[in-house]
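The values are calculated or read from the model by the stated rules, or taken from the named source; none is laboratory data. No experiment lies behind these values; they were computed from the predicted model shown. When we count neighbours, we look across all protein chains shown, and the Cβ atoms used for this are built from the backbone with ideal geometry, even at glycine.
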């Protein structure tokens, strides 16, 4: 694996095809996440928000004290899922893989139910339906279910992944599930949160707290949030989870280790090295505040030879936003004066336009200016990184070492273990001059 810049991840408005195009333009398959499976990406059905919702439901069922605690494999747990798009289908696949029984599924146009369990394999062709004709409304076999009636389903878990507003003051009393899991963009109304809380549901922040109610009414916050738990790493749990992901088809398993103590990071590295017969130090990605090429260079060098990736988020997002804003200003004929000196069209303003035009041919005219901004920014980072590496006489990332860096102060040298700038190469210089 080579050290490269990594696009943070998928966001609203982007999918596998957009990431495929991005990787193609960049010229490196590792330059984007969320690619289609044929390019080495993790299939949608293994991820997206549905995977996270499944983990939330699983964690709650295994840790709560309700009358029917779930076994570790979710066998016997009955689930109803509202929404059968990318998130809903991902969640259904995850729960079925864990042994749960899906008893009801709905989309925007219709739904089906079966207390004995639905045959999900036959339903998948109706997932992510773009219209009513291809939706669950035309799936034959199980009993029909109106989309709004799924809240009444007798089940252990009710997962909301479709349009929001389904669980509100009027419908909350009809909820029969022991656990309600909300997906992104599918909030339960505040009054319904209070009703669910009164019936023993776990809701954060506490919607019955007078101070919370007052803060919500005053506009201090707009919706109730749920924060995931911080896990405690155990060897058995770690290796079990990795095996599950491998069995589900994941080729690469990335560890998110941002909010953990050093001892937990050490365990993650150690457990990762046990995942193969021959122990090894796993490749490490670093992230957090990287915006320019010198920071990328230092990030890769200071952790060499183990740091292989640099993750970026806000820098590329800001570049795409600036590009999109400039595109809007061009259409309005209001290009800012500090930009107008370069021109008034994308071909004149973005220095990478000729390169992209040659690469994309007729498709070039369809490239949004946000993509111009993102690509130009990453090209600037890449070119700057090449120049810094050239100056260090390191013509491939595998040759980078900690010796490519120096500390500007004695204190920094003591803390980092890097050489103080005045002492850099001092011994070698003295030896050369004496010979």
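Among residues belonging to segment 126-166 that are surrounded by 20 or more Cβ atoms within 10 Å (Cβ to Cβ) and more than 19 Å from residue 114 (Cβ to Cβ), point out the one that is modelled with the highest pLDDT.
Among those residues, the one meeting the criterion is 160.
Quick one: count up the residues across segment 312-338 that are surrounded by 13 or more Cβ atoms within 10 Å (Cβ to Cβ) and not in a helix (DSSP H, G or I).
Result for segment 312-338: 3.
If you go through segment 288-340 one residue at a time, how many are under 22 Å from the mean Cα position of the chain (by Cα) and more than 23 Å from residue 392 (Cα to Cα)?
Residues flagged as under 22 Å from the mean Cα position of the chain (by Cα) and more than 23 Å from residue 392 (Cα to Cα) within segment 288-340 amount to 12.
Yes or no, residue by residue, for (1) within 24 Å of residue 380 (Cα to Cα); (2) at pLDDT below 85:
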| residue | (1), (2) |
| --- | --- |
| 235 | no, yes |
| 243 | no, yes |
| 252 | no, yes |
| 255 | no, yes |
| 260 | no, yes |
| 281 | no, yes |
| 305 | no, no |
| 312 | yes, no |
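How many residues, within segment 396-423, are more than 17 Å from residue 299 (Cα to Cα) and surrounded by fewer than 16 Cβ atoms within 10 Å (Cβ to Cβ)? Give the steps one after another, and end with the answer.
Step one: list which residues in segment 396-423 are more than 17 Å from residue 299 (Cα to Cα), which gives 409-411, 414, 420-423.
Okay, now just the ones that are also surrounded by fewer than 16 Cβ atoms within 10 Å (Cβ to Cβ), so 409-411, 414, 421-423.
Residues flagged as more than 17 Å from residue 299 (Cα to Cα) and surrounded by fewer than 16 Cβ atoms within 10 Å (Cβ to Cβ) within segment 396-423 amount to 7.
I'm trying to understand the selection: among the residues of segment 294-311, which are part of a loop (DSSP other than H, G, I, E, B) and surrounded by 18 or more Cβ atoms within 10 Å (Cβ to Cβ)? Before you say what the answer is, go through the steps one by one.
To start, the set of residues in segment 294-311 that are part of a loop (DSSP other than H, G, I, E, B) comprises 303-306.
Within segment 294-311, just 304 meets the criteria.
If you check residue 118 against the conditions, is it more than 30 Å from residue 245 (Cβ to Cβ), touching a strand residue (DSSP E or B) at 6+ places or on another chain (Cβ under 8 Å) and free of Cβ contacts under 8 Å to residues at least 60 places away in the same chain? Talk me through it step by step, then tell me what you get.
Numbers: more than 30 Å from residue 245 (Cβ to Cβ): no; touching a strand residue (DSSP E or B) at 6+ places or on another chain (Cβ under 8 Å): yes; free of Cβ contacts under 8 Å to residues at least 60 places away in the same chain: yes.
The answer is no for residue 118.
Please determine, by comparing only the residues of segment 383-395 that are touching a helix residue (DSSP H, G or I) at 6+ places or on another chain (Cβ under 8 Å) and not in a helix (DSSP H, G or I), which one is surrounded by the fewest Cβ atoms within 10 Å (Cβ to Cβ).
Among those that are touching a helix residue (DSSP H, G or I) at 6+ places or on another chain (Cβ under 8 Å) and not in a helix (DSSP H, G or I), it is 395.
Name every residue in segment 78-125 that is within 21 Å of residue 176 (Cβ to Cβ), assigned to a loop (DSSP other than H, G, I, E, B), within 27 Å of the chain's Cα centre (by Cα) and at pLDDT 85 or above, in order of residue number.
100, 107
Any residue at all in segment 49-68 that is modelled with pLDDT under 80 and buried (at least 23 other Cβ atoms within 10 Å of the Cβ)?
Looking through segment 49-68, at least one residue is modelled with pLDDT under 80 and buried (at least 23 other Cβ atoms within 10 Å of the Cβ).
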